[in-house]
Each structure stands twice: as structure tokens, then as C-alpha cells.
1. Taking a 23 Å limit on the Cα-Cα distance, which of the listed pairs K124/K152; K176/K200; K99/K124; K124/K176; K85/K176; K85/K124 fall beyond it?
2. Tell me which lysines have Cα within less than 16 Å of K266's Cα, excluding those fewer than 8 residues away on the same chain?
3. How would segment 1-147 be classified by its alpha-carbon gyration tensor: rounded, prolate or oblate, with rounded meaning a/c under 1.5 and the a/b versus b/c comparison settling the rest?
4. Going by how many other Cβ atoms sit within 10 Å of their own, how do V122, V270 line up, fewest first?
Amino acid sequence: MDVVITVAVILVLAIALVLISVRAFIVICPPNLVAVISGRGREGASGYRVLRGGRTLRIPLLEKVDWMELNTIALDVMVQNAYSKGAIPLSVQAVGDVKISSRDGVLDNAIERFLGRPIEYVQKIAKETLEANLRGVLATLTPEEVNEDRLKFAQTLIDEADDDMRTLGLDLDVLKIQNVTDEVDYLDSVGRRRTAQVIKEARVAEAERKTEAEEAEAEARRRAEIAKVNADLVIVERENALRVKEAELEALAIAKEREAEVAGEKAKAVAEQALEAERIELQKRRLEADVITPARADREAKELRAKGDAAKIIEDGAAQVEVFKRMVDQYQEAGEDAERIFVLNILPELVGRIVDTVKGVGIDKVTVIDSGNGSSGIPDVMSQLPAAVIKLTEQIETATGINILSGLAAPQPTMEAQGEITTS
């Protein structure tokens, strides 16, 4: 157990020694400080090197590290009985802020002058330098310039002290003039004179302003009266224009109304014309439906019927022609008996035609009256039949040009011909 404790103590001491050694070897510089490492002399003729922020390594026992603060140093600058231009003694009180410069070249001046010095020493040197510069600037300005344009005075002082501050290795950040006084009451006298001048100018200006105000008031009243008259004139002109506009609008409205009436009448006439046209068209369609279409249909039907009848007549004629052709062929084959066969064939038809002429005459009975001249009535009727037959044959001959009796008086046909005729 004692061995473990001893080992632990040795380890702790070793770690602490290592940390102390590392701490001795490493230099860490914060942003508001400057580390000046001196001792080796091989970095340059100055024999030191500067670290502004960051870290670096140093050799313990051979290199020394010094620190310089870059923080702002406040100064109260005051001079008394410093003669200004015109031999007027003045007392000036100002405040300023300086710091050790971190710029290259200027920092070397600060290192050479203030390294290892306390901040109070830097403050004292900067204050004495600014007071000297302040006396020099006051000698070039009049009391009025110093008192009236303090910003210009402060800027002139800054420009004058800048070179001296650089030489010391310092930067002048701010310089403000707080108060300017004198023991001979020069500024007070100037103030009273300026005050009296200002009062006089104020009174004159007040009188002038009063006069200008009265004039402006009168001018304003005049302009108001003119404006009122102009306004009344404008009102009258506007009223007249309004009346004219109303009359124009009324005339335009009447014209529009008449145009609307005319347009209405025109539209009514157009509508009536369209309606009449529709009526005419309807009448045409009704006439066409009631008259023209039926007539056209009847005409087409008649045409079709006529065509059908014509076709039938044509077909009947063609059939009759064919029959006649065949009959002619048969007659030609019959030779000398052809005429007799022809007469026999048409005889029934001829008799039928003749019978048709008296078809409408009905004979219920025939009464034979004896004339009393000693002849019998029935024999007389029978004796009239040959004369009637001859007369009938004469009518047939007149109608057809064929003498049936001459045809019948021909030689008697054979049995085959009689059979054929009977069949017909």
C-alpha cells in the first residue's frame, strides 16, 4: 500500500514538473498585451522579438519575457495663462485617451521608452507632451477661434501632437476640449459685446419681422379678398357650366329617348317583318304540305302508273306481236287453208263483239202475230233467219273486210281440221 502511494505521489510530482516545464517553455499572449522576449540576440540587431497575441516558445533561463499593456490611458490635460494669438492669456481644460501603439515601427519606439515602466509614467509623459502641444496650438489661434470652433481647435491639436505621439510610441485616440477661460475677462467682454450685438440685431430683426408680419398680414388679407372674389367667380362659372351641362345632358337624354323610341319602332317593324316572313314561310310550307306535295305525289303516282300501264301495253303488244308471229307462222304452214282457219279463229270474237252491242237489250219473250193474210207466223220468222245471217255477215265484212260466207263455201276441211276448229 505504501508503495502505491509513493508511486502515485511520484506521478503527480512528475506531471506537475512537466506542466511547469511546459509553462516555462510556452509564452501565451492575450490580445490586450504585447510580449517582448529578449535574451538571444539572433533575431535581429535589437536583440528582442515581439509577440502580439497568440503563442510562441522560449528558452528558459536564456530568454526573458516582459509585458506591455495596450489598454487605453485616460488623460486630463490643462494649461493656464497660455497666450493665444493677440497676447490674450487663456486657460484650457481638455480630456484625451492615449495607448501604447501596436503598429510596426511605432511599437519599437514604445518598447525602447516604456518597457518595464509603470503605466503612471506613460500617463505623465503623454500628458506633458499634449500640454506642450496645446500651448503651441493656442499661440496660433485667437480666443474667438478657440472658443467658437472647439472641434477645429481639437483637430488642430491632434494633428500637431500626432508626430510627437508617434515618436513616443503612443497613439492618440481621442482629444476633446472641455472648457476655455481667461483671467482678464476678454471672452466675457467679447460675449457681452456679442450679446449686445445679438440683442440689437434681434430687436432690429424683431421690428423688421413685425413690419414684414404686418405687410404679410395685409398681403394675406388682400390675397384672401382676391381669393374670395375668384372663388365666387369660379362658383358662378361652375354653376353656369353646371346649368349648361344639365341642359346638354337633358337634350342628350331626350335625344337618346327618341332614338330609343325610334329603335323600338324599328325593332318592332323588323320583328313584324320577321314574323310576317315566318308566316309566309309557314303558309308556303302549309301550301306545300296540303297542295304541292300531294299534287307532286299524285303526279309521281300517275307517272309511275302511266309508266306501268305503258309497260303493260308494251308487254301486251310484244305478247300480241309474238302471238301474231306464231299465228303467221302457223298460217304459213297451213298453206291454202290458212285464210279459212283465220276466219274460224276470229269468228267467236267477232260474234262476241256484235253480241256486246246488244248486250244491254233484254228479250223476255218473242210473240209471233199472224197477219191474217193466209201465211203462218212461225214459218215467216224462220224464213227471215237466212236474211238475218246474210246481213250479219255483211256487217262483219264491213267491219273487218272478211267475207265469212266465201270462206265457209270453200271445200270442207278434213276431220283433223274440224277437230282443230272445234277445239278452238
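1. Working: K124/K152 26 Å; K176/K200 33 Å; K99/K124 13 Å; K124/K176 18 Å; K85/K176 21 Å; K85/K124 28 Å.
Table pairs above 23 Å Cα-Cα are K124/K152; K176/K200; K85/K124.
2. K256
3. Numbers: a/c = 5.01, a/b = 2.99, b/c = 1.67.
Because a/c hits 1.5 or more and a/b exceeds b/c, segment 1-147 counts as prolate.
4. On the way: V122 22, V270 10.
Sorted ascending by nearby Cβ count, the order is V270, V122.
Each reported figure results from applying straightforward, stated rules to the coordinates on display, with no laboratory input. In this text the structure is predicted, and so the values were computed from the model without any measurement. Note: ideal-geometry Cβ built from the backbone for every residue, glycine included; neighbour counts use all protein chains shown.
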